[in-house]
Amino acid sequence: MNVSPAAMPPSNTPIRSRFGARSTALEVVEGLSLQGRHAVVTGGAAGLGLETSRALVSAGAGLTLAVRNLHQGEDAAALLRQQFPQARIDVAPLDLADLASVRRFARTWTAQSKPLHILINNAAIMACPLARTAQGWESQFATNHLGHFALTTGLLPALRAAGADGGDARVVCLSSSGHKLSTVHLDDLHFAHRPYDKWKAYGQAKSANALFALGLHLRFAACGITANSVHPGGIMTGLQKYLADDEMRAMGWFKEDGTPLDLFKSVAQGASTSVWAATAPELTGHGGRYLEDCHEGVPAEPGNRISGYAPHIMDAALADGLWEASEQLLASVA
């Protein structure tokens with residue numbers, strides 16, 4: 001592994017902020033100026049992605065909504081322009097499950113020779129029935145990890161340009177407390193030799209998101225690229241579209257009156273940690289970390305499914321193995 005000399009391991013003192021679990025994304029950027037910086041948000045037209053986009057635009061960032069549904073993307077852009085008339089917003093097609101689409105997006109961006117200061121790898125699917133891409137890749141791993149891996153590595157020239165220019169390009173990879181459901185199984189990434197379990201597949205994909213941020217940090221910190229993973233918290237969005245109400249009730253997500261448990265956040269609150277990761281001055285140069293509630297996460301105590309992180313997402317050797325496996329899978333597709 002080619003490790004950047006600037007890739008220092010996290011310290012024993014977690015990075016904290018003045019924000020918390022109930023802070024909103026707009027509160028996080030209040031008083032900050034992102035003028036002259038451009039951001040790409042995958043899945044930026046709905047849910048957490050839209051609130052993340054709103055906060056970045058409110059602080060003056062130029063924005064590209066990278067979306068699978070162009071109609072939804074244009075509607076979101078129109079909404080943001082109405083709220084922020086001076087906003088610079090583009091909409092571009094991106095289907096993370098389609099490698100050709102991902103490569104087109106990256107080629108189009110890099111052909112413009114403009115830097116990319118903020119990349120929010122936000123889009124995801126969760127707990128869906130078994131489905132495979134044209135390459136035979138399990139869909140959650142393919143969409144949540146491999147699509148974002150291909151996108152980010154394809155955009156590295158633009159990220160490096162931003163890092164060299166201002167010394168601070170940011171990559172934010174949305175993980176989840178669901179990473180505790182499964183480590184990454186390098187010997188069977190696509191459930192070819194084990195029974196498919198939708199939650200273990202989701203856990204593996206979310207572990208991969210965190211390990212990708214760590215691997216990116218280890219390789220490119222010296223290039224001015226700060227990469228971190230984020231747990232946004234529990235939020236009711238379109239991410240739950242594959243879950244029936246009775247299944248969510250059985251998991252204890254609702255109170256007796258049918259409303260979500262108090263631990264669930266609003267969408268604006270859920271987007272705050274992504275925005276903090278993308279903009280906070282105190283995080284400059286501090287990468288490879290797992291962030292939650294606008295703070296650096298700490299190791300989880302046994303049995304804690306809500307907060308903190310499992311040790312496997314800080315395993316540099318596993319991050320390296322995942323990086324190599326991801327490169328090999330992408331290289332197998334012309």
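The values are calculated or read from the model by the stated rules, or taken from the named source; none is laboratory data. If you're wondering where the values come from, they're calculated on a predicted model, not measured in any experiment. Neighbour counts run over all protein chains shown; Cβ positions are idealised from the backbone, glycine included.
Could you say whether any residue in the range 170-190 is farther than 18 Å from residue 299 by Cα, in contact with a His (Cβ under 6 Å, 6 or more places away or on another chain), among the small types (Gly, Ala, Ser) and crowded, with 24+ Cβ neighbours inside 10 Å? No, that holds for no residue. Selection of helices (runs of 4 or more DSSP H) fully inside the range 24-129 by the criterion of at least 3 residues being more than 19 Å from the chain's Cα centre (by Cα) returns 70-83, 99-111.
Scanning the range 130-149 for residues that are surrounded by fewer than 21 Cβ atoms within 10 Å (Cβ to Cβ) and in a helix (DSSP H, G or I) yields one hit, 139. Of the candidates 52, 42, 110, 24, the single residue that is touching a residue at least 12 places away in the same chain (Cβ under 8 Å), more than 20 Å from residue 171 (Cβ to Cβ) and of a type in the set (Ser, Thr, Tyr) is 24.
So that you can scan it fast, the table gives a plain yes or no per residue for (1) of a type in the set (Lys, Arg); (2) modelled with pLDDT under 95; (3) in contact with a Leu (Cβ under 9 Å, 6 or more places away or on another chain):
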{"residue": "116", "(1), (2), (3)": "no, no, yes"}
{"residue": "123", "(1), (2), (3)": "no, no, yes"}
{"residue": "132", "(1), (2), (3)": "yes, no, no"}
{"residue": "141", "(1), (2), (3)": "no, no, yes"}
{"residue": "147", "(1), (2), (3)": "no, no, yes"}
{"residue": "159", "(1), (2), (3)": "no, no, yes"}
{"residue": "173", "(1), (2), (3)": "no, no, yes"}
{"residue": "188", "(1), (2), (3)": "no, no, no"}
{"residue": "191", "(1), (2), (3)": "no, no, yes"}
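Select from the range 157-204 the residues that are closer than 27 Å to residue 39 by Cα, over 16 Å from the mean Cα position of the chain (by Cα) and in a helix (DSSP H, G or I) and list them in ascending order. Answer for the range 157-204, where residues must be closer than 27 Å to residue 39 by Cα, over 16 Å from the mean Cα position of the chain (by Cα) and in a helix (DSSP H, G or I): 157, 158, 160, 161, 162, 163, 164, 165, 166.
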